[in-house]
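The values are calculated or read from the model by the stated rules, or taken from the named source; none is laboratory data. The structure presented is a predicted model; accordingly, all values stated were derived computationally and were not measured. Note that each Cβ is placed from the backbone with ideal geometry, even for glycine, and that neighbours are counted across all protein chains shown.
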Amino acid sequence: MNPVAQANSDTTAVRKGYALDVEALDAWMRANVADYSGPLVVEQFKGGQSNPTYKLVTPGKCYVLRKQPPGTLLKGAHAMDREARVLVGLARANFPVPHVHGFCGDPDVIGTMFYVMDMLDGRIFWDATMPGVSSGERAVLFDAMNKTIADLHDVDPEAVGLADYGRPGNYFARQIARWTKQYLDDEEAGRDPYMDRLVEWLPSNIPDGDDPAIVHGDFRIDNLIFHPTEPRVIGVLDWELSTIGHAGADFAYHAMMYRMPPHIVAGLGSADRTSLGIPDEEAYLQAYCQRRRLEGMPDYSFYMVFNFFRLAAIFHGIKGRVIRGTASSAEARERVKVLPELMRLAWAQVPGNKG
């Protein structure tokens, strides 16, 4: 297992400041989770920059618990109720998500709202080049990712009880305003000239048209669980940023892997994609458009700029939580060291820009 995978997929004893009231949690599990039986042992996953995530171990089964981080939270962030709701909704469409056993909005149980879901047994690729996989299988796995995100964007929100999951229309204006405000308000994390330029450029270049859909918001290869032996996705994780949004923008976020150095997030960087059996970016985009019966994606370049800006804003928020001591991951301080590079990359996506 490579170091990134080791750092994120392992569990450890619950870290200082993140302890749960195991007795209270056990009582809640007995009352709310069918077929639950203790005793209960709680471990904490090392990965996860935003919401603390725990492995709940019992003699018969393992579960996953996600909760809000401790400390002061930004308004609207870490909405565990939304995460649980979208998982339940998508399960109705047979979309591959873990089964949710229950949501608890009462902070008196373990200190914050939380939900409990199944722990899925499968493969997580923390490296987008999928080491150890043959080129033939790699090509099919990439196609499975492509199919999964296309299937997500074809889910009818109304049919799965999510018609009011987000506000329709003006997606980019609202998102740019949201992430700009978060960036500007977090004075402790500081300012950056590239981000300041994007704050000015993005609102003036929003394209016309819309493609409303349920969007994941963080659809990366390392948020997917593949079947242990078959080339298919059995679970999509981490729905904190999901909403009713713009499908093309959500796809472009996923496709950032083609332009992303692997030391920032799971990206292909300068990998030799031909020898690896990975389709190039244009072919991957065409496959998605074909699946969704689209003639093309003329505003794809704008979507890329927007998504690099948005990711940089997210990392900027992580930096702020590190400074305030509320970042949930022990690796968060190391991770935000790439923020200046990510901000430069974001500005470099502007058409005609080189940095």
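For this structure, a couple of remarks:
- Residue ranges of strands (runs of 3 or more DSSP E) in segment 17-135 with at least 2 members touching a Ser or Thr at 6+ places or on another chain (Cβ under 6 Å): 41-45, 62-67
- Once segment 218-233 is narrowed to residues that are touching a residue at least 12 places away in the same chain (Cβ under 8 Å) and surrounded by fewer than 19 Cβ atoms within 10 Å (Cβ to Cβ), the residue that is nearest to the chain's Cα centre (by Cα) is Asn223.
- Scope segment 164-189; condition part of a loop (DSSP other than H, G, I, E, B) and free of Cβ contacts under 8 Å to residues at least 60 places away in the same chain; matching residues: Asp164, Gly169, Asn170
- Filter result (polar (S, T, N, Q) and within 21 Å of Met80 (Cα to Cα)) within segment 210-254: Asn223, Ser242, Thr243
- Residue count for segment 97-114, restricted to those that are within 20 Å of Asn223 (Cβ to Cβ), more than 17 Å from the chain's Cα centre (by Cα) and either not hydrophobic (A, V, I, L, M, F, W, C) or not assigned by TED's automatic domain parsing to the domain that holds Glu23 (or both): 1
- Scanning segment 295-307 for residues that are outside any helix (DSSP H, G or I) and of a type in the set (Gly, Ala, Ser) turns up just one, Gly296.
- Taking every residue in segment 111-122 that is at positive phi and among the small types (Gly, Ala, Ser) and pairing it with any residue that is modelled with pLDDT under 95 and not in a loop (DSSP other than H, G, I, E, B), at least 6 positions away or on another chain, the pairs with Cβ-Cβ distances below 9 Å are Gly111/Lys67.
- Top-ranked residue of segment 264-294 - restricted to ones that are aliphatic (A, V, I, L, M) and assigned to a helix (DSSP H, G or I), ranked as surrounded by the fewest Cβ atoms within 10 Å (Cβ to Cβ): Ala283
- Which numbered condition Arg310 fails, given (1) in a helix (DSSP H, G or I); (2) surrounded by fewer than 21 Cβ atoms within 10 Å (Cβ to Cβ); (3) under 20 Å from the mean Cα position of the chain (by Cα): (2)
- Of Gly209, Gly235, all but one fail to be farther than 29 Å from Gly320 by Cα, of a type outside the set (Ser, Thr, Tyr) and in a strand (DSSP E or B); the exception is Gly235.
- Tally, over segment 249-263, of residues that are surrounded by fewer than 19 Cβ atoms within 10 Å (Cβ to Cβ) and either among the small types (Gly, Ala, Ser) or touching an Asp or Glu at 6+ places or on another chain (Cβ under 7 Å) (or both): 1
- Per this entry, Ala159 is not counted among residues that are out of contact with any helix residue (DSSP H, G or I) (no Cβ under 9 Å at 6 or more places or on another chain), modelled with pLDDT of 95 or more and assigned to a helix (DSSP H, G or I).
- Looking across segment 313-355, the residues that are in contact with a helix residue (DSSP H, G or I) (Cβ under 9 Å, 6 or more places away or on another chain), not in a helix (DSSP H, G or I) and not β-branched (Val, Ile, Thr) come down to Ala327, Ser328, Ser329, Ala330, Glu331, Gln349, Pro351, Asn353, Lys354, Gly355.
- When residues in segment 64-79 are screened for being at pLDDT 90 or above and surrounded by fewer than 20 Cβ atoms within 10 Å (Cβ to Cβ), 1 of them pass.
Rundown of residues vs (1) in contact with a Gly (Cβ under 6 Å, 6 or more places away or on another chain); (2) under 30 Å from Asp185 (Cβ atoms); (3) surrounded by fewer than 17 Cβ atoms within 10 Å (Cβ to Cβ), yes/no style:
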residue	(1), (2), (3)
Ala84	no, yes, no
Pro96	yes, no, no
Val100	no, no, no
Cys104	no, yes, no
Pro107	no, yes, yes
Phe114	no, yes, no
Asp121	no, no, yes
Ile124	no, no, no
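- If the condition is being in contact with a helix residue (DSSP H, G or I) (Cβ under 6 Å, 6 or more places away or on another chain) and of a type in the set (Gly, Ala, Ser), then segment 256-276 contributes Ala266, Gly267.
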